[in-house]
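The values are calculated or read from the model by the stated rules, or taken from the named source; none is laboratory data. Computed from a predicted model, the values in this text were never measured in an experiment. Note that we place each Cβ from the backbone using ideal geometry, even for glycine, and neighbour counts take in every protein chain shown. Note: accessible area is taken over every heavy atom of the protein model, side chains too, but ligands, DNA and RNA are not part of it. Shrake-Rupley method; radii C 1.70, N 1.55, O 1.52, S 1.80 Å.
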Amino acid sequence: MRKSHAAVLLSICLASIAYAEDIPDPGHRPDGHTAHSHVLKVFDSDGHYVGPVISIDAVTIGAVVHANGTIIVVPIGRVSQNGQLSASQYQWASSLSPIATPPTVDCRNLPVIDATFPTPGVLRPAYTARVGNVTTAYIAGNTYTIPTPPNGQCSGQSMQYPLSVWLTESVFSLTQNYPEPLAIHY
């Protein structure tokens, strides 16, 4: 199966998870609770609801986030304090591990989002980068297969092997809009 087809199928599956609470529960229980009341949710430090918790892969969790008019999935991790991981506080995380190669950038010096990046997107792929206490989401445009020169080489020269990628359409400050530490509960 082509990577683009796999990405579309993953997006559809994650969208159904993200919008599960929007579907009325026909089996409303007599105690006043619904089957959806036990979905873990992410809240920012001000107590504002961010979105539901989802599993990104076998070891990574994330939150479904409404950002700049679209829906993305952002990885989260436990806060580390003096080398110890917090049991109850979370923070926004980068899409790539600290030892991974940084993404290719376009002519605007923004990261391009390749289909091979582990950036699960519900409706739009996104890449998140954490620098110090600031985490930023780079959100893809709505078109795929745009050839772009690698690492900002924008001299107009043609390339032998253009990359098919999503270009960054918008930038969203996660830490500014949803301040840390994050909390997860029902």
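Residue 57 contributes about 70 Å² of solvent-accessible surface, heavy atoms of the protein only, 1.4 Å probe.
Stretching residue 131 away from residue 39 to a fully extended chain increases their span by 30.1 nm, per 0.36 nm per residue minus the current alpha-carbon distance. Let me check I've understood the local charge: for residue 142, count other residues with C-beta under 10 angstrom from its C-beta, Lys and Arg +1, Asp and Glu -1. What total comes out? Counting the neighbours of residue 142, the net charge comes to 0. Stretching the chain fully between residue 66 and residue 142 yields a gain of 25.8 nm (0.36 nm per residue, less the alpha carbon separation). Using a probe of 1.4 Å on the protein chains alone, the accessible area found for residue 185 is around 80 Å².
Amide H contacts of residue 169: 139, 140, 141, each under 5 Å away and 5 or more positions distant or on a separate chain (H built 1.01 Å from N in the peptide plane; Pro and chain starts excluded).
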